Each structure stands twice: as structure tokens, then as C-alpha cells.
Amino acid sequence: MKTMTTQEGKTCKPQRIPLNAKLTVPQLQNAYDEIADQYEKRVWFDQHVLGVARLKKKLLSKANGKVLEVACGIGSNIPFFPVGSDITAVDLSPKMLEVARENVTKYGLSVNFAVMDAEKLEFPDGSFDTVVSTLSTCTFPNPIKALQEIQRVCRPNGLILLLEHGHSSIPWLANYQDRHEYQHYEDHAGCRWNQDPLDLVRSVGIKVLKSKRNILGMFHSIEATS
Ligand SMILES: C[S@@+](CC[C@H](N)C(=O)[O-])C[C@H]1O[C@@H](n2cnc3c(N)ncnc32)[C@H](O)[C@@H]1O
């Protein structure tokens with residue numbers, strides 16, 4: 001397969017839907033604002049039956065120090081961080097954050113929330129010991145830009161924890177994903193479900209320490225460093 005070159009001159013496999021896919025940042029914000037109230041129900045099966053929540057819990061328990069969660073959605077990851085973590089969490093959608101605020105109040109936790117674009121994080125270089133994102137590089141219009149930002153705001157040798165889904169390692173399922181990529185993109189607020197998260201992470205120079213595929217070869221638990 002031909003490779004493509006990033007702005008930094010690194011190579012990665014071409015993603016099947018262009019990296020600058022057709023939903024713009026404001027369109028994505030609207031799309032998530034609209035589904036914020038039903039988001040928990042929409043993902044219930046994946047979280048609790050497929051076992052995504054279990055994977056997130058295991059990965060995020062490794063966070064330490066000052067933690068940033070990028071694209072935190074409705075805040076369902078917050079209880080998975082070690083007790084007493086100093087957490088900042090950002091998302092593009094004010095409505096998703098509204099639900100997140102209600103949820104953390106319910107859990108009795110305290111988090112600094114802010115509306116922010118993952119592709120333009122408003123933090124100085126090296127601000128966090130751990131930077132986390134789950135199920136979001138598939139949605140960012142430009143995942144390379146967002147991963148570069150994640151790398152930039154993580155302190156040198158800090159921890160980057162990503163739980164991302166992508167192209168299955170099972171051929172029939174990967175084919176199914178390819179055949180339905182546009183339908184999935186339309187039905188799931190701009191989600192590219194057949195991209196390769198590890199390729200993207202490596203293409204920006206984030207150093208992968210450990211990665212494991214789970215759930216039909218589609219989900220990647222990635223521990224990395226800036
Ligand atoms: C599939 S949801 C995942 C939410 C959460 N991380 C989880 O695992 O449940 C994707 C989230 O990414 C957010 N998002 C999409 N594009 C973004 C961007 N450019 N910057 C910040 N957040 C973004 C959406 O608002 C949404 O909350």
C-alpha cells in the first residue's frame with residue numbers, strides 16, 4: 001500500500017477517509033451538541049456489553065500527576081482515574097460538557113472543564129504529566145494535528161494514554177468496515193472506523209511503550225510517551 005507523508009516528513013498508511021474529512025469543527029460541535037442528552041444510551045451497549053468501559057478503566061488507572069483528558073465527552077471516564085487525580089478535561093461540545101459537569105457532581109468528584117478544540121489546545125508546552133483521550137482520534141477532523149497537540153502539552157517523558165478504535169485485524173470484519181465506512185461516518189457524527197490509530201500515533205513521533213488490540217481486533221489500548 002502506498003504511504004503518505006505528514007507535514008513533518010513522517011510517513012503513514014493513507015487513511016481511507018481523507019484526514020481533513022468533510023465535517024468541519026463547527027459542524028462536529030453541533031453534531032455532538034445535538035446528541036449530548038442521548039449519548040449515554042447510544043454507547044451503553046459498547047461500554048457495558050462489548051466491554052469498552054472495562055478497557056478504559058484498566059488503561060486510565062495508570063494516569064498520574066496532573067492529568068488532561070482531551071475530548072472527554074460526557075465525563076464517563078472521570079471515575080476511572082486514580083483517586084485524588086488533578087484532572088482537567090476539555091471537549092469541543094458545550095452540551096457534552098454540560099452533561100459531564102452533572103455527572104461528576106453525581107460522582108462527587110472535582111474536575112476543571114473547558115470548551116476547547118483538541119487541534120488547538122490552549123495550554124503551554126509540557127503542562128501535564130499524563131494526557132488521555134478515548135474514542136476520539138476517529139472523530140477529530142485532523143487527528144494528526146490533535147495528536148501533535150497532545151504530544152506538545154504532555155511534559156517530556158510524560159504519559160500518553162489512548163483507547164482508540166480502528167480497522168479490525170479480522171479480515172471479514174475489516175472488509176465490512178470498509179464497505180460501510182461512509183454510512184458509519186454519516187450515522188456516527190463523523191467517525192472514521194477503519195483508520196489505523198497506531199499508524200497515526202507513530203506518524204507524529206509519539207513513542208508507543210505498549211499497545212494491545214482488544215474486542216474483535218478493533219480496539220487499541222495504547223500506552224505511550226511524548
Ligand atoms: C465518540 S465521542 C468520545 C467521548 C469520550 N472520550 C468517550 O470515550 O466516551 C467523541 C468526542 O470528541 C469530541 N470532539 C470531536 N472533535 C473534537 C475536537 N476537535 N476537539 C475536542 N473535542 C472534540 C466530541 O464533542 C465528543 O465528545
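The values are calculated or read from the model by the stated rules, or taken from the named source; none is laboratory data. These numbers were taken from a predicted model, which means no experiment stands behind them. Virtual Cβ from ideal backbone geometry, glycine too; neighbours counted across all protein chains shown. Calculation scope for accessible area: heavy atoms of the full protein, side chains included, ligands and nucleic acids excluded. Shrake-Rupley method; radii C 1.70, N 1.55, O 1.52, S 1.80 Å.
Numbers at a glance
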| read-out | value |
| --- | --- |
| Inter-residue pairs, beta-carbon under 7 Å, first open to solvent by 20 Å² or more (accessible area, probe 1.4 Å) and in segment 157-175, second among the hydroxyl-bearing types (Ser, Thr, Tyr) and at pLDDT below 95, 6+ apart | 157/226 |
| Count - residues of segment 112-144 that are within 14 Å of the ligand (Cβ to nearest atom), touching a residue at least 12 places away in the same chain (Cβ under 8 Å) and out of contact with any Leu (no Cβ under 9 Å at 6 or more places or on another chain) | 3 |
| Some residue of segment 199-211 being under 21 Å from residue 47 (Cβ atoms) and open to solvent by less than 40 Å² (accessible area, probe 1.4 Å) | no |
| Test for residue 180: is it at pLDDT below 95, within 18 Å of the chain's Cα centre (by Cα) and of a type outside the set (Asp, Glu) | no |
| Single residue of segment 179-226 satisfying the filter (without any contact (Cβ under 8 Å) to a residue 40 or more places away in the chain and of a type in the set (A, V, I, L, M)) that is farthest from residue 169 (Cα to Cα) | 209 |
| Top-ranked residue in segment 141-156 [being open to solvent by less than 40 Å² (accessible area, probe 1.4 Å), out of contact with any Lys or Arg (no Cβ under 9 Å at 6 or more places or on another chain) and not in a helix (DSSP H, G or I); ranked as farthest from residue 129 (Cα to Cα)] | 142 |
| Residue satisfying all of: in segment 82-109; farther than 30 Å from residue 26 by Cβ and in contact with a strand residue (DSSP E or B) (Cβ under 6 Å, 6 or more places away or on another chain); nearest to the ligand (Cβ to nearest atom) among these | 85 |
